[in-house]
1. Taking the mean number of other Cβ atoms within 10 Å as a proxy for protection, how do you rank 63-70, 114-121, 202-209 from highest to lowest?
2. Nothing charged except the Cβ atoms of Lys and Arg (+1) and of Asp and Glu (-1): what's the magnitude of the dipole of the range 40-146 about its Cα centre? Round to the nearest 20 debye.
3. Based on the Kirkwood radius over alpha-carbon pairs, what is the Stokes-Einstein translational diffusion coefficient of the range 27-140 at 4 °C with 1.567 mPa s viscosity, in µm²/s?
4. So, with a 1.4 angstrom probe, what is the percent of accessible area on the range 70-215 that is carbon and sulfur?
5. Straight distance only, please: which aspartates and glutamates reach the Cα of residue 167 with their own Cα at less than 19 Å, same-chain residues fewer than 8 apart left out?
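The values are calculated or read from the model by the stated rules, or taken from the named source; none is laboratory data. Since the structure is predicted, the reported quantities are computational estimates derived from the model, not experimental observations. Methodologically, a virtual Cβ is constructed for each residue, glycine included, from the backbone with ideal geometry; neighbour enumeration extends over all protein chains shown. To get the accessible areas, we keep the full protein, side chains included, count just its heavy atoms, and leave off ligands, DNA and RNA. Shrake-Rupley method; radii C 1.70, N 1.55, O 1.52, S 1.80 Å.
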Amino acid sequence: MDKISPHSLSMKNESSSVAPLGASTQSRTTAQTMTFVEHLVTELINPNLRENALRVLSKRNELSRELAPLLWNSFGTIAVLLQEITSIYCTLSPPTLTLGQSTRACNVLALLQCVASHSETRMLFLNASIPLYLYPFLKTKDKSPQFEYLRLASLGVIGALVKDNTKEVLGYLILSEVIPLCLSNMEIGNEISQTVSFSILIFLKSILLSCSKFK
């Protein structure tokens with residue numbers, strides 16, 4: 001029978017314990033992060049804590065897969081986000097929107113874009129007609145930075161929808177005002193807004209062509 005050296009035994013034990021330790025650490029870190037995110041989502045309901053929660057959550061792009069269902073299914077969260085959107089309608093005309101108000105609204109729009117881009121929540125988002133809440137922003141003509149940021153963030157939400165190549169999305173957007181709004185933003189927006197608007201129209205055209213092939 002071959003002898004097993006203490007050194008080789010030590011190496012085997014060491015190698016067998018490293019991987020589970022790393023996996024355990026990663027799993028624990030992910031769980032802690034999600035607990036933190038869930039806490040922030042609950043803070044959206046509190047008006048005193050909402051602004052910070054919006055700011056932090058809007059930056060967590062790496063958690064978009066987990067965050068979208070959490071936002072949609074958490075009690076009252078979508079209603080709060082829509083309340084934030086509608087609360088600045090009065091600043092659009094006459095144009096009194098401040099940079100701070102625009103930044104806060106853009107953080108809300110970043111969360112809505114997360115919901116719009118997720119396969120589990122996209123159609124729920126459409127069926128609730130949430131894109132209609134963004135159209136007043138896309139109708140603004142003021143070229144100041146705060147309005148431009150608002151238009152660009154709204155276009156980002158629409159762009160997230162059109163990336164889903166389905167007839168349902170196509171039908172909804174074509175029957176709504178999105179095409180003339182994109183054309184308008186190609187005229188008044190800066191270079192980035194013009195590019196995003198053009199991309200949305202190209203996506204819509206490609207979806208329309210692909211759908212017509214199967215008729």
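1. 114-121, 63-70, 202-209
2. Details: 10 positive and 7 negative charges, 58 e Å.
It works out to roughly 280 debye.
3. Values: Rh = 14.6 Å.
This corresponds to a translational diffusion coefficient of 88 µm²/s.
4. Numbers: 4420 of 7120 Å².
The value for the range 70-215 is 62 percent carbon and sulfur by accessible area.
5. Straight-line reach from residue 167, under 19 Å: 120, 177.
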